[in-house]
Amino acid sequence: WDNADFSRGIGTTFYQEFSTLNTAKPPFVRDVEAKIRRYMRSSYSAAWTLKITWEKAPAYAARTDTQRTNTYQAVLTTDGFRSYVLMLYQEGGMRWDYTRLAATNALIGYT
């Protein structure tokens, strides 16, 4: 997540919290649990999940390019003992012109 620039009124950020400790789980949370079970090969039942979405976010500085926006999400979830983060990107990957970014070592993902 490089410097997204919302100063031109383009793009938005929003979030949704799912507290599922003693309630029925919505399809989104069941999907998150299934992904964690699949990728981590462990049993997992979410007690809390937070989905943060950056929609049509232009790169800093937005004054130079407002056409190449990105939509991406971070999903934080925990069962009270273990915590996970899913980083989800729009189909097609990064759309920012990384040649215009200050950093020359742009990556998608985390280590």
Just need the relative contact order of region 12-100 here, percent rounded to a whole number, with Cα pairs under 8 Å and 6+ apart.
25
Grab the beta carbon distance between S83 and F6, set R0 = 22 Å, and tell me the FRET efficiency rounded to 0.05.
0.20
Lys, Arg +1 and Asp, Glu -1 on Cβ, resulting dipole of region 12-100 about Cα centre, debye, nearest 20:
180
So how do M87, M40 rank on accessible area, 1.4 Å probe, biggest first, that is with the largest at the start?
M40, M87
Calculate, in whole percent, how much of the Cα-Cα pair population of region 12-100 lies beyond 14 Å.
68
Please compute the modelled spin-label separation between I52 and N22, points set 7 Å along Cα→Cβ, answer in nm with one decimal.
2.9
Short version: ³J(HN,Hα) in whole Hz for each residue of region 37-49, in order, from phi by Karplus 6.51 cos²θ - 1.76 cosθ + 1.60 (θ = phi - 60°), x for Gly and Pro, what are they?
4, 5, 7, 9, 6, 8, 6, 7, 9, 5, 9, 7, 9
So who's got an amide H within less than 5 Å of the one on N70, skipping anything under 5 residues away but keeping other chains? H placed 1.01 Å off N, in plane.
K56, A57
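The values are calculated or read from the model by the stated rules, or taken from the named source; none is laboratory data. Note that the structure is predicted; figures quoted are calculated from it, not measured. Neighbour counts run over all protein chains shown; Cβ positions are idealised from the backbone, glycine included. Just so you know, the surface numbers come from the protein's heavy atoms only, side chains and all, with ligands and any DNA or RNA stripped out. Shrake-Rupley method; radii C 1.70, N 1.55, O 1.52, S 1.80 Å.
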